[in-house]
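These notes concern the structure reproduced below.
The values are calculated or read from the model by the stated rules, or taken from the named source; none is laboratory data. No experiment lies behind these values; they were computed from the predicted model shown. Please note: Cβ atoms are built from the backbone with ideal geometry, for glycine as well, and neighbour counts cover all protein chains shown. These area figures cover heavy atoms from the full protein model, side chains too; ligands, DNA and RNA do not enter into them. Shrake-Rupley method; radii C 1.70, N 1.55, O 1.52, S 1.80 Å.
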Amino acid sequence: MPCARRPAPPSAGSRPPPRPRRRRHVRALPCGADRPAVGRRIFRPSLKEPAIPPTPDPLRSSLDRFLRESRTIHDAWNTYSDENTDLDGWPHDTHAYGLRAAQRDRETAKAFETLRDSAQHLLTTAEKQLAGLPARAVQQRWAWQLGTLRGALEQLDALGEEWLATRDRLPADAKPGTPLFDDALAEHHGEAWSYLDDWATHGNVIREIHTAAQPTRSTSSPAPATVLAAPGRTTTVRR
């Protein structure tokens, strides 16, 4: 076999021959698979689920608002009472104490007005949700708390009917701002306050039951995230 002839050295002034280009290795695709186009998105599992914004709930928002406002009213009343009573709980000024208690009753009744129309619906919904919960998900106090709210709401309905009847019996000149009207209204608010306080104390049970009744989302199969494949690449990203 003759020896291979070595290339002659380049003459002066001539350009060297170009180096051969190295072929790029492309991994073969399975039979029948389509080659990804440039810019095609490749799916890769994300490490955690994306946050889901809470769904606005006007009915429960009215409950949350009442709970916040009633707590503010209650805290202000406790501060006043602590500062204006002796060690045995007797007020230093009975008249001023009574006026401040009437203010508490009036403000609590006003705060409940935003919840009044939806209270029955929220309570009935919570009762149905509680009945459908498994025993392991139920707090023992929930049933009697709902019973307390139900009884308080029935008393408030009855007191509301009594107030309408009382207002209709007032003289024609007894308008809001007159002593006769204001005294009757203050008495109505005083009778209703303990039932309003039941809703301020136990109303959060409706939110607790609603939360417990929501289906739990599984995190075993998180939603895939997308990354943009580099042009000309055919690598499949795996986790």
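Out of Q214, Q155, Q145, which single residue is modelled with pLDDT of 95 or more, open to solvent by 60 Å² or more (accessible area, probe 1.4 Å) and polar (S, T, N, Q)? Break it down stepwise before answering.
On the way: Q214 fails: modelled with pLDDT of 95 or more; Q145 fails: open to solvent by 60 Å² or more (accessible area, probe 1.4 Å).
Within the list Q214, Q155, Q145, the selection yields Q155.
Residue check, L164 against (1) free of Cβ contacts under 8 Å to residues at least 12 places away in the same chain; (2) of a type outside the set (G, A, S); (3) surrounded by 12 or more Cβ atoms within 10 Å (Cβ to Cβ), all met but one. Which one?
(3)
Could you check the range 167-184 and list, in sequence order, the residues that are open to solvent by less than 80 Å² (accessible area, probe 1.4 Å) and of a type outside the set (D, E, K, R)?
Those that are open to solvent by less than 80 Å² (accessible area, probe 1.4 Å) and of a type outside the set (D, E, K, R): L170, P171, A174, G177, T178, F181, A184.
If you check D88 against the conditions, is it modelled with pLDDT under 95 and in contact with a helix residue (DSSP H, G or I) (Cβ under 9 Å, 6 or more places away or on another chain)?
Working: modelled with pLDDT under 95: yes; in contact with a helix residue (DSSP H, G or I) (Cβ under 9 Å, 6 or more places away or on another chain): no.
Answer is no for this residue.
Quick one: which residue in E161, E107, E191 is at pLDDT 95 or above, under 18 Å from D64 (Cβ atoms) and acidic (D, E)? First the steps, then the outcome.
Values: E161 fails: under 18 Å from D64 (Cβ atoms); E191 fails: under 18 Å from D64 (Cβ atoms).
After applying the criteria, what remains is E107.
From T114, T125, grab the single residue that is out of contact with any helix residue (DSSP H, G or I) (no Cβ under 7 Å at 6 or more places or on another chain) and open to solvent by 30 Å² or more (accessible area, probe 1.4 Å). Step through it out loud before you land on a result.
Details: T114 fails: out of contact with any helix residue (DSSP H, G or I) (no Cβ under 7 Å at 6 or more places or on another chain).
Just one listed residue meets the conditions, T125.
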